[in-house]
Amino acid sequence: MKKHFLFLLGLVLFCAACWQQTQAQAPAKPSSAELLQELKKLDVLGSVLYVAAHPDDENTRLIAYLANEKRYNTGYLSITRGDGGQNLIGPEIRENLGIIRTQELLQARRTDGGRQFFTRANDFGFSKDAKETFTIWDREQVLADMVWAIRKFRPDVMITRFPPDERAGHGQHTASAILAEEAFAAAGDPKRFPEQLKYVEVWQPKRLLWNTGIWSFRNQEEFEKNAQNLLKIDVGSYNPLLGKSYGEIAALSRSMHKSQGFGASGSRGTAFEYLQHTKGEKAQQELFEGINTSWSRVKGGEQVQKHIQSAIAAYKADEPSAVVAPLLAARKELQKLPDSYWKRVKLEELQDVLQKAMGLYLEVTAQDYAAVPGQTVGLQVEAINRSNVPLTLKSVSYSFAGRDTTLNKQLTYNQPLMLKTTATLPAQMQDAQPYWLRREGTLGMFAVENQQEVGLPENAPAAQVSFALEIAGEPFTLTVPVVYKRTDPVAGEVYRPFVVTPPVFVNLTEQVYMFADQEPKAVQVLVTAGKDNISGQVQLQVPKGWRVAPAAVPFSLKTKGAEQHIVFMVSPPKGQQEAKLQAVATLDGEEYTRGLRVISYSHIPAQTTFPEATAKIVKLDLKKKGRKVGYVMGAGDEIPASLQQIGYEVTLLKDEDMRLAYLQQFDAVILGVRAYNTVERLKHHQPTLLEYVKNGGNLIVQYNTNHSLVLPEVGPYPLKLSRDRVTVEDAPVRFLLPEHPVLNTPNKITQKDFEGWVQERGLYFPNQWSDEYQAVLSSNDPGEPARDGGLLVAPYGKGHYIYTGYSWFRELPAGVPGAFRLFTNLISLGKDAAQAGSSAAQGQK
């Protein structure tokens, strides 16, 4: 009964998530001061590209300064999307975490004024050196993507966050700097990646620098000695148009990295950044020394500049439309010039500033957030000119639907034009699956075939509408995406992207199904309609030896969004085995094999994905003692569901449950990942938890970082957390205490149980502990000393305190059989008197 309850609760949460939205997709509505900032940027022709490995590696203060004080086109090239990290705000890991961090980076750039780029490299987890990184990344492909970004963005200056050596502290960090140096040279060489030259031209940046600081030196004295040879920039100034210092803007930007817990406080006053020359022409005093950033770098640009400067001089905060005439003149002069990079960039910027100066609001909203190919979609068009500049809306083009609407309607001051219409989506339209997840890649690389998509932060809008305008007699075209908008009774006006979806979804309720015995297990499939009036059948495909009943089940759904729950009984073969299960819906003779997932947090736009409806199925040779587990959620993980898979009754413990009388019903209490970093109340509950152990319970504490612990001691005896980790997932594991109960009962643990682990062995192992702890396992990465602190067991009273840095939060949801067998032993420890006595005897040293 409890399992069914959790399943239904999951569906409720899934559906609720569909409506949690954000303001991120709302059209920009800048203040007059912000508009002047953008107007002044029109007069600057310079660009800079910051390069690092992950979301959160970028220096948001320097980016904010370069983008807003210097007004350069400023980009951040993150080699990866951060898929291999941990998630502080929810259970998403791997590619779903990458989606979240992609959107967090975009929100950060919207805050600090930069632009965002990526490569096809996948963040496979922590790497200790570049050599290891390059065995997993396709080095030449990542280099090609960096060259592509340079040739497209054409930076005058490149800056790396890290040095190309061990000081970078992470193999992917080091690799990003090594590749940046190689890309700096290769981008200007027509013999390197010539296939790109169908779309872009070669480009050679002027210089490459490393954004260093005191952290890269051994001490303050060494830093001060070397700082005189570094380029020094004061980035702490105040921008009165934006009403913030660059330290304040940087904090707002960095605080968008919420999945990493990087909320930051703003700073004010002088603040220096230091840059060390790496390649190209060395700058002596100024970052852009020797680089022309005026309109004279474009042949014939002087006339454009004259009109832009006239617009800046004429600007009035209470009448921004006064700049329309000089900006139209600048646009006319710019259009006369030969095609060039800066012509294209500044035309786009000009059109954006013109639109904002007129208060010209253009919006196209769909009646629903999703539609399927071939479906007719209801649209509402809104256009309003909030200035006295003469404006005619000539036509509206729905290019995705292959039709136009001719209007020839004059838009007079503050008189909205509202138009309801429909458009039919093409039958072969691409769905909204993130482009880098459409095809299966490798551990180190995403598979992207379309060169034009490489490096983009996200998919292009599913549908766009173009407005053909005439502004003061000048033809003008503006394009806006189709979005979905609704009014929430609490949040008010909320937006989400309009997406194209398959006509039917099949969602499995679990990613892994563990069979601990020969009993059949219920596999529940949620069939959801992507459009009205669909009917067909669903089946489960399993490999030979597995059995499914029934063979197929029909479905019939009358309305879009309607759901049908279908239950299959799956029986495992004899003997331990791992396999894959696939759900397939057949509709109108076509097979559909994907589910629907909405990732929704308040700080990013809702993200809709269509993961393959597959699950790992594992027949497990497993014994266990005990049945009831209490679980304290930390930063978020999926271990409770994994334990339910093998028959444990799991209770998610609330604050009011942390009473000794209540806890004593559990065979084990487990603290989720980073619980001592994130659950403030644990500092009050620690005495109760230790009393629970003393009375015979097992307390299993998963990894915590040594930063920002809520209490000074996490165990009953002293132990010190470190940053030690074992990143190679198949690194050898040695048994330090081969006779210890956790390696022998109820499951006999062997080396085979450490096969098939994913991403890593473990992280943040303790490196010091008192004699009361028993170190059970040892492992290490190649060339490193033994790491013995990954699994520590301390008999305490009648029970056991267990601290473990092994990455159960990755292994159990991934269905790794040996991880289940060993974790079950931890829960089962001391569940009979003989075993408890044996364990206590081993604790005497």
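Averaging sequence separations of C-alpha pairs under 8 Å and six or more residues apart, then dividing by the length of the chain, give the relative contact order as a whole percent.
Relative contact order comes out at 10 percent.
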Given the rule -39500 (n - 2.57) for each run of at least 4 DSSP H residues, summed and divided by the residues of the chain, what is its mean residue ellipticity at 222 nm, to the nearest 500 deg cm²/dmol?
-7000 deg cm²/dmol
Expressed as a percent, the accessible surface of the chain that is carbon or sulfur, using a 1.4 Å probe and the full set of protein chains, is 50 percent
State to the nearest 20 debye the size of the charge dipole of segment 701-845 about its Cα centre, where the only charges are +1 on K and R beta carbons and -1 on D and E beta carbons.
220 debye
Under 13 Å from a point 7 Å along the Cα-to-Cβ line of residue 736: which residues of segment 690-708 have their amide N that close?
none
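Please give the peptides 114-125, 297-308, 729-740 ranked by average Cβ packing (other Cβ atoms within 10 Å per residue), highest first, as a rough proxy for protection.
Values: 114-125: 24.0, 297-308: 18.0, 729-740: 15.0.
Descending mean neighbour count gives 114-125, 297-308, 729-740.
Output the direction-averaged projected area (hull surface divided by four) of the convex hull of the alpha-carbon atoms of segment 655-766, in nm².
On the way: hull surface 33.0 nm².
Projected area, direction-averaged: 8.2 nm².
Compute the FRET efficiency between residue 652 and residue 303 as 1/(1 + (r/R0)^6), taking r as their Cβ-Cβ distance and R0 = 56 Å, and round to the nearest 0.05.
It comes out at approximately 0.25.
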Using mean Cβ contacts within 10 Å as the protection proxy, how do 507-520, 426-439 order, highest first?
507-520, 426-439
12 Å beta-carbon shell around residue 608, net charge (K/R +1, D/E -1):
+1
Segment 380-448: relative contact order as a whole-number percent, Cα under 8 Å and 6+ apart:
31 percent
Checked against the positive end of the charge dipole of the chain (+1 on Cβ of Lys and Arg, -1 on Cβ of Asp and Glu, about the Cα centre), the farthest of 639, 124, 528 is 528
With the contact rule set at Cα under 8 Å and sequence spacing of 6 or more, what percent relative contact order holds for segment 53-179?
27 percent
Note the full-extension length gain between residue 768 and residue 493 as 0.36 nm times their separation in residues minus their Cα-Cα distance, in nm to one decimal.
93.6 nm
For the pair residue 420 and residue 313, the simple spin-label estimate (label points 7 Å beyond Cα toward Cβ) gives in nm 5.1 nm
Please list 172-179, 226-233, 274-281 highest first by mean number of surrounding beta-carbon atoms within 10 Å per residue.
172-179, 274-281, 226-233
With a probe of 1.4 Å, find how much accessible area the chain has per residue, and write the answer as a whole number in Å².
41 Å²
Please list the helices of the chain that count as membrane-span-like by this rule: a mean Kyte-Doolittle hydropathy of at least 1.6 together with Cα atoms stretching 15 Å or more along the helix axis, each helix being a complete DSSP H run.
2-17
What is the sum of charges around residue 706, taking Lys and Arg as +1, Asp and Glu as -1, for the other residues whose C-beta is under 13 Å from the C-beta of residue 706?
+2
Return, for the Cα atoms of segment 719-838, the radius of gyration and Dmax in Å, separated by a comma.
13.7, 42
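Which value results when the Cα radius of gyration for segment 189-312 is divided by 2.2 N^0.38 Å?
Rg over 2.2 N^0.38 Å, computed on Cα atoms: 1.43.
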How big is segment 285-441 in terms of Cα radius of gyration and Dmax, in angstroms?
20.6, 60
Where in segment 393-420 does the amide nitrogen come within less than 18 Å of the point 7 Å from the Cα of residue 29, taken along Cα to Cβ?
414-418
Reported label for calculated Kirkwood radius over Cα pairs in Å given (1) 32.0; (2) 28.3; (3) 29.8
(3)
Under the 7 Å Cα-to-Cβ spin-label approximation, residue 348 and residue 565 lie apart by a distance in nanometres of 4.8 nm
Candidate residues 412, 74, 406: accessible-area rank, largest first, probe 1.4 Å:
406, 412, 74
Radius 9 Å from Cβ of residue 75, net charge of other residues (Lys, Arg +1; Asp, Glu -1):
+2
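The values are calculated or read from the model by the stated rules, or taken from the named source; none is laboratory data. Here the structure is a predicted model, which means the values were calculated and not measured. In this analysis, Cβ positions are derived from the backbone assuming ideal geometry, glycine residues included, and neighbour counts consider all displayed protein chains. With ligands, DNA and RNA removed, areas are computed over all heavy atoms of the protein, side chains included. Shrake-Rupley method; radii C 1.70, N 1.55, O 1.52, S 1.80 Å.
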